[in-house]
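This report concerns only the one structure given below.
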Amino acid sequence: MSEPYLLTLPFADNEHARQLFGERNHHLQRLARMLDLRVNARGTAVFLEGERALVELAQNLLLQLYGLIEAGYPLHPNDIEYAVRMLSADPRVSLKDIFLDTILVTAKKSAITPKSPTQKAYIDAIRTHDIVFGIGPAGTGKTYLAMAMAVAAFSRGEVSRIILTRPAVEAGETLGFLPGDLAEKVDPYLRPLYDALHDMMRFEKASALMEKGVIEVAPIAFMRGRTLNDSFIILDEAQNTTSEQMKMFLTRIGFNSKAVITGDITQIDLPPERISGLIETKEILQGIEGIRFVFFTKQDVVRHRLVQEIIRAYEELDARKRNGRRRAKDEEDPS
């Protein structure tokens, strides 16, 4: 075995170093666990010991995070994990380009920023394209970032309304047969959109805008026959739209409007005989100027660390099932 590589990393500013190290050196301890290094601090210096490639990765990470703190970025514990993930995949990644791209400052004064290169590419695509598809697993920020971009565009006066929609697949088109008024019927299907909206706006303001119709939350069936001008439109859970619903939705988009369509094509709840509108658009609309597809992976998950592991486990299960079906088919038809 090679000798452990030792590196001392001094930092000039005591307060910035304190923020970098975290309360009771919590950030450094987290880094040590993730990279299997010995990490110690004395004064404003950090001492790194371990495999050379990992020590150099930690050096790159700490220097970039220190630069973020100097620029006024409030470092959060989860940022250590995001940074390790990004720099492990590509040491040339600039954390400043990603973490300092503030989309929106919420009513609670917290900044919403991308946390991965794919998230950064996604919000850049929304800025430059009229129709953007965000496809990937749950927890990658597809809907949340789209919502932040919608609220920011509305706040700047770039659009006059926000429309949030998703399919109510369990109810199909038969909402009239469900008990209660319209709000009671569709609320369970649209609750995640309300939750994201209330994260970004004061409840009273969001409620007032919804009462005026400036912010509209409705199932996709209610988009039929409309032309949506001067709007920021988000279609969530688009994997559960039928081919007909997706075509209907995309042809509603009017002048000075922007649409973001999000979904996870591995979690389709439609009956087996129905084609997912999202899968169909992926096959026929890529390459059209003005339309952009952004694909997320489990590496972009920004929820609890275990969510990544859960996604990986299910991917492995799906692969085993596919292999099992192929073997069974080969045994039935050896020719």
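Some points to look at:
- Candidates 22, 43, filtered to the one that is over 30 Å from residue 206 (Cα atoms), small (Gly, Ala, Ser), open to solvent by less than 60 Å² (accessible area, probe 1.4 Å) and out of contact with any strand residue (DSSP E or B) (no Cβ under 8 Å at 6 or more places or on another chain): 22
- For residue 292: the one exception among (1) open to solvent by 20 Å² or more (accessible area, probe 1.4 Å); (2) modelled with pLDDT under 95: (2)
- Number of residues in the stretch 202-258 that are more than 30 Å from residue 108 (Cβ to Cβ), of a type in the set (Ser, Thr, Tyr) and open to solvent by less than 10 Å² (accessible area, probe 1.4 Å) equals 1.
- Per this entry, residue 121 is counted among residues that are among the aliphatic types (A, V, I, L, M), surrounded by fewer than 19 Cβ atoms within 10 Å (Cβ to Cβ) and modelled with pLDDT of 95 or more.
- Positions within the stretch 260-282 being among the hydrophobic types (A, V, I, L, M, F, W, C), more than 15 Å from residue 234 (Cβ to Cβ) and open to solvent by less than 100 Å² (accessible area, probe 1.4 Å), in sequence order: 265, 268, 270, 279
- Filter pass, residue 313 being out of contact with any helix residue (DSSP H, G or I) (no Cβ under 6 Å at 6 or more places or on another chain), among the hydrophobic types (A, V, I, L, M, F, W, C) and touching a residue at least 24 places away in the same chain (Cβ under 8 Å): no
- Residues of the stretch 140-166 satisfying the condition of being open to solvent by 10 Å² or more (accessible area, probe 1.4 Å) and either part of a strand (DSSP E or B) or of a type outside the set (D, E, K, R) (or both): 141, 143, 144, 149, 154, 155, 157, 159, 160, 161, 166
The values are calculated or read from the model by the stated rules, or taken from the named source; none is laboratory data. Quick caveat: nothing in here was measured; it's all calculated off a predicted structure. Ideal geometry is used to build each Cβ from the backbone, glycine not excepted, and the neighbour counts take in all protein chains shown. Surface accessibility is based on the protein's heavy atoms, side chains included, excluding ligands, DNA and RNA. Shrake-Rupley method; radii C 1.70, N 1.55, O 1.52, S 1.80 Å.
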